[in-house]
Amino acid sequence: MYLNGTISGTETVPVTENMDDHVNISITKGFGYNSTSEGLTLQLRFYRTTFDTAFTFMTFTIAFFGVVGNIATIGKIVRDSKYHTPTFAAIALLVLADFQSVTYFSLIRLTNLMTFWNFSSYIASLDFLSSYFHVCLLSALRYLITVHPLQSRQRLTATAVCLCSLTIWITSCLTVILITLVLKNTGNHEIIRLSINILIPFIVCSIIIMLHVKKIKTLRSSMSLTDQTQRRMNIVVSLTITIFVLYHLSIIVGNTLKLTFVNQQSQVLSFKTSKYISYFHIFIGCLNFSCNPYIIFLSQFI
């Protein structure tokens, strides 16, 4: 899903793009990417200044805690039989996708991994889409269990959830292939990417919010919703959506900036702006794929 292009301006700038970020503009001088490295050595992209070093350390720290949190969640659910329920199965499958996403995201954004393994972009895009769809699956599952408890107990099982997860992975794979083919056979790449990066978060957020609102209404009508429970539900949904929206806003802004590259002056201005957007995009992206285990855990104590 990554396309390498060169935009002429005051200097030659390699632009690395995929359907999930396209904001990650790597400027050789400004970003400290060592394009003269020999062999297939994995190197950091941000290292030349004190800020770059601190940024890389902080972002890798977030990614590390994301990996640990996701692995710990999966291990706890798999080992403890009392968590072998449809809801916890969906949580485990979500954090599995997040584990893969935060791993690939941090390596692709903070190192030169793509310079010698281009296929990593396809795997990353697959993981990202799968993570989004698994969030929707978890929301749908919680809605069904709350609104239709009797039918859910009869039909919803951990095995059924796993089959839904398998369907999600297959659908995500087919979607990545379809988008890749569309991008290869059309000329308006940036417009298509911008449209995709608006459509996907809109669909995901709409599904989550719609199911959450319906669930709250059902609980209120049944008089079984306490203020504490509603507050916990609202906090979980609000945190998840806020981080997710901020992540995709950075993508949308990056896509929009690329559409403004109409002359040399606008290119220079857009490159400078994109540099700071890229920092934010990488930071919020690692946070987006790392936070779910902690949000779910902390919500139990609110």
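In nanometres, what is the gap between the two model label sites at Thr41 and Ala54, each 7 Å from Cα along Cα-to-Cβ? If labels sit at Thr41 and Ala54, their model points lie 2.7 nm apart.
Evaluate the charge dipole of the range 73-146 about its Cα centre and quote only its size in Debye, nearest 20, assuming +1 on the Cβ of each Lys and Arg and -1 on the Cβ of each Asp and Glu. Write out the running numbers ahead of the final one.
On the way: 5 positive and 3 negative charges, 38 e Å.
About 180 debye.
The length gained on full extension between Ile191 and Thr273, counted as 0.36 nm times the residue separation minus their Cα-Cα distance, comes to 27.6 nm. In this simple spin-label approximation, Thr61 and Lys82 carry label points 7 Å from Cα along the Cα→Cβ vector, and these lie 3.4 nm apart. For the range 76-229, the calculated P(r) over all alpha carbon pairs, in 10 Å bins from 0 to the bin holding the longest distance, is 10, 30, 33, 18, 8, 1 percent.
Could you size up the charge dipole of the range 119-258 around its Cα centre, putting +1 on the beta carbon of Lys and Arg and -1 on that of Asp and Glu, and report it in debye to the nearest 20? Please list the in-between numbers first.
Numbers: 12 positive and 3 negative charges, 95 e Å.
The dipole magnitude comes to about 460 debye.
Under the simplified labelling scheme, the Thr226-Val147 pair shows an inter-label distance of 2.5 nm, with each label point 7 Å from Cα along Cα→Cβ.
Residues within the reach of a label modelled at Tyr122 (point 7 angstrom out along Cα to beta-carbon, backbone nitrogen below 17 Å), restricted to the range 173-191, are 173-185.
All of the numbers you see were taken from the coordinates with simple rules; none came from a lab. Just so you know, these numbers come straight off a predicted model, no measurement behind them. All Cβ positions, glycine included, derive from the backbone under ideal geometry; neighbour counts span all protein chains shown.
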